[in-house]
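Read through the structure below, which is laid out as structure tokens, and then see the notes.
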Amino acid sequence: MTVAPPDTSTKYDLDFAKWVYENIEGGDKLALCMQCGVCSGSCPIGVQMDYGPRKLFMMIRAGMKEEVMTSSTQWNCTSCYRCVVRCPRSVPVTYILQDLAAKSAELGYAQKTNENVNFARSFWWSAKTFGRTDERLVTALYYFSFGLKEGYQRGLANLKIALNFVKRGRMHIGLPHRIKGRRQLKAILAKAEEIAKREGLH
Amino acid sequence: MSEKKPAVYLCKGCGIGEAVDVDALETVAKSEFKIGRCLQHAALCSDDGLATIRNDVESGSVNRMVIAACSHRVMTDKFQFGAAPVVRAGLREQVAWSQPAKAEDTQMLAADQIRMGVTQLSRTETPAPSVVQEFSRTVMVVGGGITGLTAAREAAKAGYPVLLVEKTDRLGGWAAKWSARMPHRPPYRDVQPNDVGKLVTAVQADKQITVKTNTLITRTAGQPGAFAVTLSQGGQETTERVGAIVVATGWRPYDASKLGHLGHGSSPDVVTGIELEAMLKAGTLTRKSNGAPVERIAFVQCAGSRDPDHLPYCSSVCCGVSIKQALQVVTRSPKASAYIVYEELRTPGTAEEFYRQAQKAGVIFMKGKAGKVDGGRMTVTYQDELLGMDVPLGPLDMIVLATGMVPNSTNPDAPAVEPEKGEAQLKDDINPVAPIKVAGYLSGEGKAWPHIDKGVPPGGPILNLQYRQGPHIPILADGFSDSHYICFPYETRRSGIYTAGPVRRPMDMAESAEDAMGAVLKAIQAIEGSKMGSSLHPRVGDLSFPKIGHDKCTKCRRCTVECPFGAIDEDEQGRPVINPSRCRRCGTCMGACPVQTITFDNYNPQMVNAMIEANEIPDEFSEKPRILVLACENDAYPAIDMAGINRHQWSPFVRIIPVRCLGSVTMQWISTALQKGYDGIMLMGCKSGDDYQCHFVKGSGIAKERMSKVGETLKSLMLEKERVTMEEVSIADSHRVPEVVNKFAELIGAMDPNPMKGF
Ligand SMILES: Cc1cc2nc3c(=O)[nH]c(=O)nc-3n(C[C@H](O)[C@H](O)[C@H](O)COP(=O)(O)OP(=O)(O)OC[C@H]3O[C@@H](n4cnc5c(N)ncnc54)[C@H](O)[C@@H]3O)c2cc1C
Ligand code: SF4
Ligand code: SF4
Ligand code: SF4
């Protein structure tokens with residue numbers, strides 16, 4: 001909540017709230033939000049979000065589509081679930097933020113603004129390819145997602161840390177670790193994709 | 001009246017015996033007042049004590065008595081012996097429990113209590129009631145909306161014949177026009193079908209109820225138990241006799257053409273909630289401008305309500321109504337979205353369930369004040385309090401202004417009567433800063449009250465009362481017909497005439513129906529009370545009534561003007577005529593009468609005057625000042641009793657006399673007290689003004705007005721004006737009583753004694 005309120009004159013979409021209520025996981029429950037602010041007050045990283053969840057939810061109602069979809073809120077949420085536990089109206093705040101993140105990436109809003117999108121993509125590539133995350137590859141992929149030059153610079157800047165990790169056995173050299181049943185993992189993910197399609201979750 | 005055989009019974013229980021010398025008190029009664037039968041008892045309220053008194057009465061040796069014991073407010077059922085007048089001299093709460101035991105001053109106080117009691121007894125009679133002639137049990141209900149229909153049904157169910165008068169050609173009022181009803185039954189979540197039709201059918205089928213539609217009331221004369229009402233149905237007049245009247249004339253919508261700032265008139269698609277009801281009822285929700293379906297709709301709450309430039313009050317139903325309408329809109333079409341722009345959403349009690357239901361269904365609530373409504377672009381721009389910025393909502397298909405309610409305390413379709421009697425009467429009623437018209441004591445013009453024109457709903461009188469004080473039912477500040485909606489619901493300032501529903505304060509149908517039941521119960525009380533000659537609220541059961549000594553009356557008209565309830569008319573010779581069943585027995589007329597010729601059998605100027613004189617006034621060298629407290633029986637006196645019950649102590653120099661209302665205090669008592677040598681006088685009563693708590697509405701205000709003139713009297717007697725004061729004490733103020741009394745006692749103690757002592 002460190003950012004000044006967005007420009008008010010444009011970018012309103014009266015149907016946005018309805019869209020969120022109907023298309024975002026937990027969005028129907030969002031309708032019950034009474035703007036008490038318990039979620040924002042409970043959020044350990046609320047200060048690092050463009051808007052706390054409470055305000056983001058009111059912006060949804062006000063139809064501020066652009067600001068909501070490009071907000072850092074849904075990307076910076078660490079899924080600690082404090083807000084979910086505390087919300088007096090049982091709004092599943094975390095789920096809503098997660099799905100807002102997914103939808104904003106899907107609809108092309110998120111790339112414009114947020115590094116966490118790139119990280120999420122790298123993370124997911126590793127997870128789905130090896131069945132686990134490989135720090136080196138995730139990091140490298142993430143760094144180079146910003147371009148060759150910046151990837152190189154970021155890598156250099158963190159080289160010393162990486163070497164120390166290796167020295168202490170926290171990071172290994174060699175082929176990435178993989179799980180055994182990668183074929184099954186693939187099948188699981190394919191099935192999930194199929195279900196999502198069938199249920200119209202995309 | 002047969003020979004007076006008085007007795008004084010002295011109780012020694014509850015600590016009285018330990019606090020005062022009861023033998024000495026008996027001596028006061030015997031030697032000073034020659035009371036033959038005096039008796040001390042360890043506990044007069046015990047079976048033995050009561051039996052002793054009963055024996056005396058039944059044997060014929062005693063036919064009136066002073067019970068010197070606890071306060072007159074307790075044990076009233078026990079200390080009642082047939083028709084024998086009973087006066088209670090309080091020795092418990094205001095002596096034994098609030099003064100140091102066995103002190104000289106305590107004893108003097110107790111002796112004075114006996115003196116006042118015996119004196120009061122010598123001037124009191126058991127009242128003979130005035131019973132209404134040509135009595136009628138019929139309840140007349142004015143207005144056939146949900147309130148009136150419910151009132152009629154309930155009165156009929158209770159066994160009273162009903163005359164239901166409706167000015168239009170059909171029953172149901174506004175409610176009959178509504179598409180559906182806000183939930184009024186558990187689980188209070190969903191819009192419910194409008195069931196007013198059923199009530200209309202039930203009323204029409206009820207043989208106890210006579211329905212007169214297309215009918216107006218042209219005149220109402222008489223009093224509770226015997227009103228004579230002239231009805232005009234298509235120009236044809238008939239006169240009916242009715243016992244009590246329930247006024248359920250409902251409301252009219254606030255004039256939306258005054259809401260240009262909220263876009264009214266800027267587009268045909270900016271409508272009022274009432275217009276939307278009609279569309280929802282007809283089932284065609286389309287834009288008026290182009291016939292397109294309404295998909296996006298916004299409601300602007302408090303349109304004209306809670307706005308000092310329009311209606312200063314909350315109309316109370318529009319929040320629920322907009323929720324109802326928005327729910328209907330979003331359930332009609334899955335594509336529709338509805339926005340409610342509100343500052344505070346007022347959904348008391350179970351309405352909260354309805355609110356939540358609307359949230360669940362996707363109605364979107366936006367908190368903030370609507371700034372600009374643009375009918376051209378169909379946008380509502382409002383100041384969002386939760387985002388801290390202006391938010392434009394648009395483009396919308398329809399904008400609904402949730403307009404408020406104006407009470408039908410007048411009839412907008414009836415011609416206004418002569419200004420002097422009509423509008424001027426109402427303006428006087430609602431003007432909290434106007435001097436109360438106290439003939440002979442009028443204190444200038446008073447400040448102009450800015451809202452006076454907005455407070456009086458335009459129109460002629462509903463009942464056209466043939467009362468000396470004017471044809472209207474008095475109203476309160478915002479134009480509602482009521483007297484005090486918390487303390488005395490349904491009561492108007494015209495006895496036997498009760499208001500119910502939004503004419504009294506804004507309310508929904510369920511509240512209106514409940515209100516109707518309350519008003520009907522009041523109406524029944526009025527009928528039964530007038531049959532017995534008994535007073536109505538707050539002196540229920542009081543059979544006394546004011547009597548005017550026409551030989552002494554100077555026709556000054558003060559009583560007719562000052563009676564808070566318009567109970568006194570004038571005959572052709574200009575003499576005051578009391579309508580006993582309109583009278584609430586406050587005694588304000590008695591306090592007004594400059595020649596003290598208005599009296600009650602058991603309360604009159606002479607009686608209190610004699611009580612004031614009965615007390616012993618120590619001489620100026622004794623350093624024992626005397627302070628007279630005239631305390632209102634409704635609030636101040638109970639507060640004093642409670643202070644005693646809580647064992648608070650206060651100055652022993654105070655002598656307290658209960659009065660029916662400060663309005664009944666005559667200036668003669670004040671001058672008597674000063675001449676007798678009392679050093680200070682305090683009037684203790686209820687709050688006056690527009691937020692008054694006076695049980696007789698204007699009594700304490702009138703007293704205040706009269707007292708504002710007392711300074712001159714004091715000056716002519718060469719006395720300090722601080723010697724006479726007035727204090728507002730409510731029933732919850734018992735802890736304050738000692739402080740108030742002691743402070744005044746200190747002030748008086750610091751002055752020289754009243755030089756009139758001993759004259
Ligand atoms: C848009 C809107 C929607 C509403 N919807 C709901 C709802 O869903 N649920 C709910 O509970 N409440 C609702 N309300 C409130 C509801 O309308 C009132 O509570 C109700 O109308 C009160 O009924 P009433 O009988 O007191 O008054 P009215 O309905 O005004 O009836 C008064 C009757 O008295 C007659 N009358 C007036 N003057 C005279 C006279 N001088 N002589 C003879 N007859 C006279 C009138 O012709 C009328 O028939 C709504 C209000 C609004 C503005
Ligand atoms: S805690 Fe729940 S109700 Fe409160 S603001 Fe957050 S989401 Fe809304
Ligand atoms: S009921 Fe609601 S809309 Fe109506 S005046 Fe009151 S607060 Fe405003
Ligand atoms: S002033 Fe009071 S006591 Fe006198 S007539 Fe009016 S209501 Fe009755």
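The values are calculated or read from the model by the stated rules, or taken from the named source; none is laboratory data. Owing to the predicted nature of the structure, the values given are computational and were not obtained by experimental measurement. Neighbour counts are summed over all protein chains in view; Cβ atoms, including those assigned to glycine, are modelled from backbone coordinates with ideal geometry.
Each row is one residue, and each column tells you yes or no for (1) away from ligand 2 (no atom under 16 Å from the Cβ); (2) surrounded by fewer than 17 Cβ atoms within 10 Å (Cβ to Cβ); (3) within 14 Å of chain B (Cβ to nearest Cβ).
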| residue | (1), (2), (3) |
| --- | --- |
| A:90 | no, yes, yes |
| A:98 | no, no, no |
| A:114 | yes, no, no |
| A:118 | yes, no, no |
| A:132 | yes, yes, no |
| A:143 | yes, no, no |
| A:160 | yes, yes, no |
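Any residue that is within 16 Å of ligand 4 (Cβ to nearest atom), touching a residue at least 40 places away in the same chain (Cβ under 8 Å), in contact with a Pro (Cβ under 6 Å, 6 or more places away or on another chain) and assigned by TED's automatic domain parsing to the domain that holds residue B:223 - is there at least one of those in the stretch B:498-518? Looking through the stretch B:498-518, none of the residues is within 16 Å of ligand 4 (Cβ to nearest atom), touching a residue at least 40 places away in the same chain (Cβ under 8 Å), in contact with a Pro (Cβ under 6 Å, 6 or more places away or on another chain) and assigned by TED's automatic domain parsing to the domain that holds residue B:223.
For residues that are surrounded by fewer than 23 Cβ atoms within 10 Å (Cβ to Cβ) and of a type in the set (S, T, N, Q), scanning just the stretch B:318-354, find the one that is farthest from ligand 3 (Cβ to nearest atom). Restricting to residues being surrounded by fewer than 23 Cβ atoms within 10 Å (Cβ to Cβ) and of a type in the set (S, T, N, Q), the top hit is B:333. Residues that are away from chain B (no Cβ under 14 Å) and among the basic types (Lys, Arg) are absent from the stretch A:60-67. The numbered conditions (1) away from ligand 1 (no atom under 16 Å from the Cβ); (2) free of Cβ contacts under 8 Å to residues at least 60 places away in the same chain; (3) within 14 Å of another protein chain (Cβ to nearest Cβ) are all true for residue B:294 except (2). Within the stretch A:7-18, not a single residue is facing another protein chain (nearest Cβ under 10 Å), at pLDDT 90 or above and either touching an Asp or Glu at 6+ places or on another chain (Cβ under 6 Å) or closer than 16 Å to residue A:84 by Cβ (or both).
Where strands (runs of 3 or more DSSP E) sit wholly within the stretch B:359-402, those with at least 3 residues that are more than 9 Å from every other protein chain (Cβ to nearest Cβ) occupy B:364-374, B:379-384. In summary, strands (runs of 3 or more DSSP E) completely within the stretch B:193-301 and bearing 3 or more residues that are surrounded by fewer than 19 Cβ atoms within 10 Å (Cβ to Cβ) occur at B:215-223, B:226-233, B:236-242. Looking only at residues of the stretch B:34-68 that are of a type in the set (A, V, I, L, M) and in contact (Cβ under 8 Å) with a residue 40 or more places away in the chain, we find that the one that is surrounded by the fewest Cβ atoms within 10 Å (Cβ to Cβ) is B:35. A residue that is at positive phi, free of Cβ contacts under 8 Å to residues at least 40 places away in the same chain, facing chain A (nearest Cβ under 9 Å) and in a loop (DSSP other than H, G, I, E, B) occurs nowhere in the stretch B:346-358. Counting only helices (runs of 4 or more DSSP H) wholly contained in the stretch A:7-92, no element carries 2 or more residues that are within 16 Å of ligand 3 (Cβ to nearest atom).
Would you call residue A:122 farther than 27 Å from residue B:391 by Cβ, more than 9 Å from ligand 2 (Cβ to nearest atom) and either among the basic types (Lys, Arg) or within 18 Å of the chain's Cα centre (by Cα) (or both)? Spelling it out, residue A:122 is indeed farther than 27 Å from residue B:391 by Cβ, more than 9 Å from ligand 2 (Cβ to nearest atom) and either among the basic types (Lys, Arg) or within 18 Å of the chain's Cα centre (by Cα) (or both).
Going residue by residue through the stretch B:130-152, is there one that turns out to be more than 21 Å from residue B:518 (Cβ to Cβ) and more than 32 Å from the chain's Cα centre (by Cα)? No, because not a single residue in the stretch B:130-152 is more than 21 Å from residue B:518 (Cβ to Cβ) and more than 32 Å from the chain's Cα centre (by Cα). The residue pairs whose first member lies in the stretch A:100-120 and is among the aliphatic types (A, V, I, L, M), whose second member is not in a helix (DSSP H, G or I), and whose beta carbons are closer than 8 Å, counting only pairs six or more residues apart or on different chains, are A:100/A:24; A:101/A:77; A:110/A:70. Cβ-Cβ under 8 Å, sequence separation 6+ or interchain: first residue in the stretch B:133-161 and in contact (Cβ under 8 Å) with a residue 60 or more places away in the chain, partner within 16 Å of ligand 4 (Cβ to nearest atom) and not in a helix (DSSP H, G or I). Which pairs? Once the first residue is in contact (Cβ under 8 Å) with a residue 60 or more places away in the chain and sits in the stretch B:133-161, its partners that are within 16 Å of ligand 4 (Cβ to nearest atom) and not in a helix (DSSP H, G or I) give B:135/B:225; B:136/B:225. Before we move on, is residue A:33 buried (at least 16 other Cβ atoms within 10 Å of the Cβ) and away from chain B (no Cβ under 14 Å)? No: the conditions fail for residue A:33.
Residue B:326 passes every criterion in (1) touching a residue at least 40 places away in the same chain (Cβ under 8 Å); (2) among the hydrophobic types (A, V, I, L, M, F, W, C); (3) more than 16 Å from ligand 2 (Cβ to nearest atom) apart from (1). Residues in the stretch B:91-127 that are under 25 Å from residue B:606 (Cα atoms) and in contact with a helix residue (DSSP H, G or I) (Cβ under 6 Å, 6 or more places away or on another chain): B:91, B:94, B:109, B:110, B:111, B:114, B:115, B:116, B:118, B:119, B:120, B:123.
Just one of the listed residues (B:700, B:688) is in a helix (DSSP H, G or I), of a type in the set (S, T, N, Q) and within 27 Å of the chain's Cα centre (by Cα), and it is B:700. Residue selection: residue B:421 satisfies the criterion of being away from ligand 4 (no atom under 16 Å from the Cβ) and either within 14 Å of chain A (Cβ to nearest Cβ) or modelled with pLDDT of 60 or more (or both). The sole residue among B:620, B:613 that is over 21 Å from residue B:696 (Cβ atoms) and either of a type in the set (Gly, Ala, Ser) or assigned to a loop (DSSP other than H, G, I, E, B) (or both) is B:620. Within the stretch A:141-185, the set of residues being touching a residue at least 40 places away in the same chain (Cβ under 8 Å), farther than 24 Å from residue A:118 by Cβ and part of a helix (DSSP H, G or I) comprises A:182 only. Number of residues in the stretch B:311-359 that are of a type in the set (Phe, Trp, Tyr) and within 13 Å of ligand 1 (Cβ to nearest atom): the value is 1.
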